[in-house]
Amino acid sequence: MINKDKISVLGTEIEVETEKDPLQVSSISQHIQHKAEEINRKKDTIDTVTLLYYLVIALAEEVYDLKENKANIENECNKKIDELIFQVDTAFKS
């Protein structure tokens, strides 16, 4: 089900359509706002458009890192599963 929610990003209220529940939308909005404030503190005074570019890049890096971590965890789990299967097979063949 698609919900319409309003979020505030950099002082601008935006209506978004999402399948997330309102608490998740609020959490995401807070994360975006926190990230924008963090970037704004690190950079000298920058205009909103430049800040948005930095924000998009920072959020894209977070997504990339999370996907990479997920892939690493999946690979580790698959290796462990293969090891366990091998151990079970070996135990039954003995």
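What follows draws every value from the coordinates through simple rules; no lab data is involved. These numbers come from a predicted model, not from an experiment. No Cβ is skipped: glycine too gets one built from the backbone with ideal geometry, and neighbour counts run over all protein chains shown.
Would you calculate the separation in nanometres between label points at Glu19 and Thr50, each defined as 7 Å from the Cα along the Cα-to-beta-carbon direction?
Distance between the two pseudo-spin positions: 3.9 nm.
How much length is gained on full extension from Lys42 to Asp65, taking 0.36 nm per residue of separation minus their Cα-Cα distance?
Extra length available between Lys42 and Asp65 comes to 6.2 nm.
For the range 3-93, what is Rg from Cα atoms divided by 2.2 N^0.38 Å, rounded to two decimals?
The reported ratio for this selection is 1.72.
Report the gain in length on full extension from Glu76 to Lys4: 0.36 nm times residue separation, minus Cα-Cα distance, nm rounded to one decimal.
22.0 nm
Cα to Cα, under 23 Å, and not fewer than 8 places away if on the same chain: which lysines meet these conditions relative to Lys93?
Within the straight-line cut-off, Lys93 pairs with Lys79, Lys80.
For the pairs Lys42/Lys70; Lys4/Lys43; Lys35/Lys67, note any where the Cα-Cα span goes beyond 27 Å.
Pairs exceeding 27 Å: Lys42/Lys70; Lys4/Lys43.
In degrees from 0 to 90, rounded to the nearest 10, what is the angle of the helix 48-93 Cα long axis to the longest principal axis of the chain?
Approximately 10 degrees, to the nearest 10.
Can you show me the helix-derived [θ] at 222 nm for the chain, built from DSSP H runs with n ≥ 4 at -39,500 (n - 2.57) apiece and divided by the number of residues, rounded to the nearest 500.
Here the helix-only value at 222 nm equals -26000 deg cm²/dmol.
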